[in-house]
Amino acid sequence: MSKAISAALGTPLKPTMALTEALVARTMRVVEDAGPTPGMVHMTDADYARFRDEILASAPAGPLRLFAYGSLLWKPAGEVRGGERAVARGWHRSFCFTVQRFRGTFEQPGLMMALDRGGQCQGMVFEIAEPVAENLEVLLRREMTILPAVNVPRWLRVSSESGAGQALGFVVDPANPRYAGKLDKQAVAATLARAVGHWGSGAQYLFETIRHLDACGIRDRNLWQLQELVAREIGRTLSAT
């Protein structure tokens, strides 16, 4: 995590945020990791090496840059450096693929975020630090676990104050069976308010993403609308118990 983000996190959240730490805490519980999902083909060391080498072979000249738009802002994989606000056009953040592990279970699947087609996405561009190949593989192991991959690496055209260029991002494969498509916000909110796995809850994932985007000076209108709905869903759950 960049020093700029770390310092900015000392600033209180905007008072208009309905999804609070107290509400998020209500969604958390201890969930044992059930391990690899039965019937799924999990990536091997050879698979990770293949993806890593293909990315390095296709990389533009200069430092290998990473476009971070979600959990990589607050839970980075591998070592990165720097940090500059950037826009990827033609893509937007979306809770668009299902998980039965990490932030969900087989009984209560969760939703995770990826870049989906359309619109634009504001995020941060970082440089993957040396040793690049090693840090890149750590990143791939965090972002990809199952074949065929639903969250796939792709070179994105990004624009920032320093100019336009390419950065590595993770986008959803719409042909993957785990792709959930464009879901109604209320349906997404209901899932995030209830799903929890050994990594934590969907509500926590949303909360931390908004918090760290806010620290970077980025306000995603859709995520802010979603957090209000999630807060209401958690409130309804509490009222019913």
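The values are calculated or read from the model by the stated rules, or taken from the named source; none is laboratory data. Remember, predicted model here, so these are calculated numbers, not experimental data. Positions of Cβ are backbone-derived with ideal geometry, glycine not excepted, and every protein chain shown enters the neighbour counts. Note: areas computed on protein heavy atoms with side chains; ligands, DNA, RNA excluded. Shrake-Rupley method; radii C 1.70, N 1.55, O 1.52, S 1.80 Å.
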When restricted to GLY90, GLY110, GLY119, the only residue small (Gly, Ala, Ser), at negative phi and at pLDDT 95 or above is GLY110
Residue pairs qualifying under the 7 Å Cβ cut-off, at least six apart or on distinct chains, with the first in the range 168-187 being in contact (Cβ under 8 Å) with a residue 12 or more places away in the chain and the second being surrounded by 14 or more Cβ atoms within 10 Å (Cβ to Cβ) and part of a helix (DSSP H, G or I), are LEU168/ILE55; PHE170/GLU143; LYS185/LEU226; LYS185/LEU229; GLN186/LEU229
Restricted to the range 30-55 and to residues being assigned to a loop (DSSP other than H, G, I, E, B) and of a type in the set (Asp, Glu), the residue most open to solvent (accessible area, probe 1.4 Å) is GLU32
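Just give me the residues in the range 97-114 being over 14 Å from LEU183 (Cα atoms) and either under 16 Å from the mean Cα position of the chain (by Cα) or of a type outside the set (A, V, I, L, M, F, W, C) (or both), in sequence order.
Selection gives VAL99, GLN100, ARG101, PHE102, ARG103, GLY104, THR105, GLU107, GLN108, PRO109.
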- What about GLY163, is it modelled with pLDDT under 95 and either more than 25 Å from GLN227 (Cβ to Cβ) or in contact with a Gly (Cβ under 8 Å, 6 or more places away or on another chain) (or both)? yes
Discussion item. On the basis of being under 21 Å from ASP45 (Cα atoms) and either at pLDDT 95 or above or small (Gly, Ala, Ser) (or both), does GLU134 make the cut?
Written reply: yes
For the range 57-86, the count of residues that are crowded, with 17+ Cβ neighbours inside 10 Å and assigned to a helix (DSSP H, G or I) equals 3
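Across the range 185-205, what is the number of residues that are under 8 Å from THR27 (Cβ atoms) and of a type in the set (S, T, N, Q)?
2
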Of the residues in the range 205-222, those that are farther than 27 Å from GLU32 by Cβ, open to solvent by less than 10 Å² (accessible area, probe 1.4 Å) and in a helix (DSSP H, G or I) come to ILE210, HIS212, LEU213
